[in-house]
Amino acid sequence: MKKILGLDLGVGSIGWAYVHEAENSSEQSSIVKLGVRVVPLTVDEQQNFEKGKSITTNADRALKKSM
């Protein structure tokens, strides 16, 4: 049985899952645990969200880094 830790690193959250994956027909795959951690918005980001501006400071920063 394979043990796998999966991570989803987003701009405003980190998702994770720990699963057992079957390697043969006698085993059964299963999700052991999973969860998400949300990075709270700053006051400026909250105000921008309420005004309808969809991009966060972190998303803007990530976009500039990827260029």
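The values are calculated or read from the model by the stated rules, or taken from the named source; none is laboratory data. Note that the structure is a prediction, hence the values are computed from the model and not measured. Because the Cβ atoms are built from the backbone with ideal geometry, glycine has one as well, and the counts that use them run over all protein chains shown. Protein only, heavy atoms only, side chains kept; ligands, DNA and RNA dropped before computing areas. Shrake-Rupley method; radii C 1.70, N 1.55, O 1.52, S 1.80 Å.
Projecting the Cα atoms of 46, 19, 5 onto the charge dipole of the chain, computed from C-beta unit charges around the Cα centre, puts 46 farthest toward the positive end. With all protein chains kept in place, the per residue accessible area of the chain amounts to 85 square angstrom at a probe of 1.4 angstrom.
The alpha carbon convex hull volume per residue for the chain rounds to 119 Å³. When the GluC sites (Glu not before Pro) in the chain are filtered for DSSP coil states and for at most 13 other beta-carbon atoms within 10 Å of their beta-carbon, the remaining sites are 23, 27.
Averaging the sequence gap over all C-alpha pairs within less than 8 Å and six or more residues apart, then dividing by the number of residues, gives the chain a relative contact order of 25 percent.
Sequence-ordered 3J(HN,Hα) estimates for segment 15-20 from the Karplus curve with 6.51, -1.76 and 1.60 and θ = phi - 60° stand at x, 8, 8, 10, 10, 9 Hz, glycine and proline given as x. Rounded to the nearest 20 debye, the dipole magnitude of segment 17-67 is 360 debye, with +1 charges on Lys and Arg beta carbons, -1 on Asp and Glu beta carbons, and the Cα centre as origin.
Taking θ as phi - 60° and the Karplus parameters 6.51, -1.76 and 1.60, the scalar couplings of segment 25-34 work out to 6, 7, 9, 10, 5, 8, 8, 7, 8, 7 Hz in sequence order, x denoting glycine and proline. Listed values for segment 37-52 are Karplus-derived 3J(HN,Hα) couplings in whole Hz (6.51 cos²θ - 1.76 cosθ + 1.60, θ = phi - 60°), namely 10, 9, 7, x, 6, 6, 4, 5, 5, 4, 5, 5, 4, 5, 7, x, and x replaces Gly and Pro. The alpha-carbon of residue 65 sits under 30 angstrom from the alpha-carbons of these lysines, leaving out residues fewer than 8 places away in its chain: 51, 53. Across the accessible surface of the chain, with the other protein chains kept in place and a 1.4 Å probe, carbon and sulfur atoms take up 56 percent.
What 222 nm value per residue comes from the helices of the chain, counting each DSSP H run with n ≥ 4 as -39,500 (n - 2.57) and dividing by all residues, nearest 500 deg cm²/dmol?
Calculated at 222 nm, the ellipticity per residue is -8000 deg cm²/dmol.
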